[in-house]
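A short write-up of the structure that comes next.
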Amino acid sequence: MADRLTGTVALVTGASSGIGAATAVELAGLGAAVALVARRADRLEELADTIRGAGGTALVLAADVTAEAQAREVVERTVTELGRLDTLINNAGVMLLGPAVGAPMEEWRRMVEVNLLGLLYTAHAALPHLLSAAEDDPRHVADLVNISSVAGRVARSGSAVYNATKHGVGAFSEGLRQEVTGRHVRVSLVEPGAVDTELSGHNRPEVLDGIKKRFEGVERLRAEDIADAIGYVVTRPRHVAVNEMLVRPTEQVG
């Protein structure tokens, strides 16, 4: 069936929690064998047990994709141990907000390393395999899905560098899409609004207070909502490409 991923292999970065974990479960439920990538091996093992318990196939690959060699290694191990690579979900990301004036440079550096460089390293390593998969059974199409944010569309005071990284993800995705779409590798950008995950919890306390006030009274999305959107994107028929998808809570204004 066109809406199934049976016989394919997916790699999900940032799979130890939140959107990444939910997406891994979603793709496994659609029939894909799933490689789980993140730094927290214990979380990955728990997720793999869940997937295997439901009859799926999961490969645990503990790694930090901000290290180019590790990003390349997880891609190569996925292909070696699972046989191919049809779908890459570039989900690993960090959101460290607050005023630019006086901000710790380490926060800026970390966002660039994870949100941009980690994504680029993994995409670069995966592209030859995705192009190969698109020429082969069972689907003759492959997918590279980059997880961005509403912040990749609209810049806001207090999130300048996060905005910069997510706008960069959008620009890279569109440029790459134009390059490989004729070879049936679909490049898609998924932009979540406010989601109830661990992502905001890494901010400094004063910043976290501001985030909570901004979304007070808004029913946030669940990680499973974004996983469902990603599942939709990658299960379209070969001739259909969903290039960009913005998903916000109904009550979120901006």
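The values are calculated or read from the model by the stated rules, or taken from the named source; none is laboratory data. Being a predicted model, the structure only gives us computed values, none of them experimental. Don't worry about glycine lacking a Cβ; one is built from the backbone with ideal geometry, like all the others, and counts go over all protein chains shown.
Just checking, does the range 218-230 include any residue being outside any loop (DSSP other than H, G, I, E, B), touching a residue at least 12 places away in the same chain (Cβ under 8 Å) and touching a Lys or Arg at 6+ places or on another chain (Cβ under 7 Å)? Scanning the range 218-230 turns up no residue that is outside any loop (DSSP other than H, G, I, E, B), touching a residue at least 12 places away in the same chain (Cβ under 8 Å) and touching a Lys or Arg at 6+ places or on another chain (Cβ under 7 Å).
Might you check whether a residue that is at pLDDT 95 or above, of a type in the set (D, E, K, R), within 20 Å of residue 94 (Cβ to Cβ) and crowded, with 17+ Cβ neighbours inside 10 Å occurs anywhere in the range 153-167? Yes - at least one qualifying residue is present in the range 153-167. For the range 144-164, residues that are under 15 Å from the mean Cα position of the chain (by Cα) and either among the charged types (D, E, K, R) or more than 12 Å from residue 97 (Cβ to Cβ) (or both) total 7.
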